[in-house]
Amino acid sequence: MTPETILTSARVLTMNPTHPRGEAVALGQGRVLAVGRRREIEALAVSETEVIDCDGATLLPGFVESHMHLLLGGAELGHLHVGGIEGREALARAFRGFAAAHPDRPLLMAQGGDYAMLGAPMTRHDLDAILPDRPIAITAHDLHTVWANTAALTAAGLLKGAAMPHGHEVVVGADGLATGELREFEAFAAVIALSGEARLNLGIATGEEPDPWPDDAAQAFDRAKAAAGLAHAARHGVTSIVNMDGNRYTLDLLAALRAAGGLTARVKVPFHFKPHMDLDALDRAEAMARDFADDWLSSGFVKLFMDGVIDSRTAFRTDAYPDRPGHRGTPLFAGPRFNEIASEIDRRGLQIAVHAVGCGAVRSVIDGYAAARAANGVRDSRHRIEHIELIDPADIARLGPLGITASLQPPHVPGAMDFGLEPTLGMIGRARLRDAFLCRSLATAGAPLAFASDWPVADISVLRGIGAALTRTAFDAPGARDERVGLTDVLRAYTAGGAWAAHRERVTGMLRPGLAADLVLLSGDIEATPPEAIAGMSIALTICGGKVTHRA
């Protein structure tokens, strides 16, 4: 087969253990044709072949983003970003400038809020002081809390509180009115709806489909958000995405993009199982898995939430939060119920991915996966736990024997990238920091690793994530250990490890003849770059399926 493209003079890290390095790669018809020495590969070129001189830079398999939210991220690119802003005056300046630039928006939405950005719990009155006459809201960086002003709460019908499903809360003050803090997705769904972006949140908020089904104009609006997210991912070298929210509508939007030539990454979308659903809802998951099952667009897995997040004390723990005696958080699924659900999903041959942040949630999920194996026997399930921010030491060694993937986010570690040490470390408690944000301990105990950003929770930049994984320091607490893994393991967790965790190793994740021509060229030699400087590198070229999706 004649090469369409040759990338040469590169430091090729193939992630293929039988052929780990090369100097050049030949591509054709969307596949890797050959990997080898420069002279051998260049000899394959014909007059029509595009030859790209990589000038000694690192060439890798395209990055696999193992946990992100494509449509939410695409929408949030057009919102106000307040990450790093602290204090009332700075926040007011940012919002007022954004309001002046967008006089017609029905909701002024900000992203990246910090729980301590005002030095005290944020209320609607704080936001009223900024803009009392227009609905404004701030989403926390973890996407699990929204703070809204009185105008937004009134417009959304939440000012006097509202009944919510278990685990979701419109916080109400002593005066009987909402304080402005909305915890978890269904509590703030009505505020998000003011923006016209409610359809994009259904996959994470309720797991249901739009009703009525969107007309052509609405679908075009939503496709534009997805396209913006895909372009943003391509700029950061991402060629495969495991989306961690979704429904059939999400898949239909992406299928329409694909038909128009606009799908620039391989995307896997789950069925999102919520506590209100009965087991027969999994018929929809099976239908999605059947109808979307090719190399570009697929389903085949079920996503669930077992708990919330540490900073709002909604993560479920085995012990109490240090500042609130007796409060451990509450699981979204009771143990026996989750065991039943996990066993049924597994029986249907579907993969499971569960958000579990607290040690109680992590244990419940492990128990559920063990119950599924006991009920159905051993199979190549590759069930996953997403986040694992706190784990009981007794549970560390359980993941490997059960084949559970540790799906971790290096940018989430407090102090490693954009998230401060507090309030998270204080919420965990000094005595438990040795059990927090483990990575090396899980890998050493046999858990396969898959790394991601959880964008838009954190910056999608894989290079910054690599830097965070390599430079994070041990917490200043008794028994806390160095939880870093080496560069090769970090790169594998962003490439071959992520592909394997998504059952996609026969498609992508390595540079090997016959696999997809998914590649990322860095701006320099990552192995010769000090770990603290990797975040300053950039993506020179992204290729997905043999097509250039980003060129610096």
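The values are calculated or read from the model by the stated rules, or taken from the named source; none is laboratory data. Nothing here was measured: the structure is a model prediction, and the numbers come from that model. A quick note on method: Cβ atoms are made from the backbone with ideal geometry, for glycine too, and the neighbour counts reach across all protein chains shown.
Selection of first residues in the range 506-534 that are more than 16 Å from HIS236 (Cα to Cα) and in contact (Cβ under 8 Å) with a residue 60 or more places away in the chain and of second residues that are surrounded by 20 or more Cβ atoms within 10 Å (Cβ to Cβ) and acidic (Asp, Glu), restricted to Cβ pairs under 8 Å at least 6 apart or on distinct chains, gives the following pairs, ordered by first then second residue: THR508/ASP518. In summary, strands (runs of 3 or more DSSP E) completely within the range 151-267 and bearing 3 or more residues that are touching a helix residue (DSSP H, G or I) at 6+ places or on another chain (Cβ under 6 Å) occur at 178-183. Within the range 79-101, is even one residue out of contact with any Leu (no Cβ under 8 Å at 6 or more places or on another chain), among the charged types (D, E, K, R), farther than 26 Å from ALA552 by Cα and assigned to a helix (DSSP H, G or I)? Yes, the conditions are met somewhere in the range 79-101.
Tell me, yes or no, whether the range 116-134 has at least one residue that is surrounded by 15 or more Cβ atoms within 10 Å (Cβ to Cβ) and within 21 Å of GLU197 (Cα to Cα).
yes
Within the range 517-532, the residues that satisfy the criterion of being farther than 16 Å from PRO61 by Cβ and within 24 Å of the chain's Cα centre (by Cα) are PRO531, GLU532. Scan the range 369-405 residue by residue and report those that are aliphatic (A, V, I, L, M) and in a loop (DSSP other than H, G, I, E, B). Residues satisfying the conditions are VAL378, ILE388, ILE391, ALA397, ILE404. On the stretch given as the range 263-286, residues that are exposed (fewer than 15 other Cβ atoms within 10 Å of the Cβ) and either under 24 Å from the mean Cα position of the chain (by Cα) or without any contact (Cβ under 8 Å) to a residue 12 or more places away in the chain (or both) total 4.
When THR139, THR179 are checked against the criterion of being of a type in the set (S, T, N, Q), touching a strand residue (DSSP E or B) at 6+ places or on another chain (Cβ under 8 Å), surrounded by fewer than 24 Cβ atoms within 10 Å (Cβ to Cβ) and under 27 Å from GLY420 (Cβ atoms), a single residue qualifies: THR179. What about GLY467, is it of a type in the set (Gly, Ala, Ser) and free of Cβ contacts under 8 Å to residues at least 60 places away in the same chain? Against the criterion (of a type in the set (Gly, Ala, Ser) and free of Cβ contacts under 8 Å to residues at least 60 places away in the same chain), GLY467 does not qualify.
Going by what's in this entry, would LEU59 be described as closer than 30 Å to GLY180 by Cα, touching a residue at least 24 places away in the same chain (Cβ under 8 Å), buried (at least 18 other Cβ atoms within 10 Å of the Cβ) and not basic (Lys, Arg)?
Details: closer than 30 Å to GLY180 by Cα: no; touching a residue at least 24 places away in the same chain (Cβ under 8 Å): yes; buried (at least 18 other Cβ atoms within 10 Å of the Cβ): yes; not basic (Lys, Arg): yes.
Against the criterion (closer than 30 Å to GLY180 by Cα, touching a residue at least 24 places away in the same chain (Cβ under 8 Å), buried (at least 18 other Cβ atoms within 10 Å of the Cβ) and not basic (Lys, Arg)), LEU59 does not qualify.
Restricting the search to strands (runs of 3 or more DSSP E) fully inside the range 435-552 and requiring at least 1 residues that are acidic (Asp, Glu) and modelled with pLDDT under 95 gives an empty result. Here the range 123-146 is the region considered, the condition is being within 12 Å of LEU91 (Cα to Cα) and in a loop (DSSP other than H, G, I, E, B), and the residue that is farthest from the chain's Cα centre (by Cα) is ALA129.
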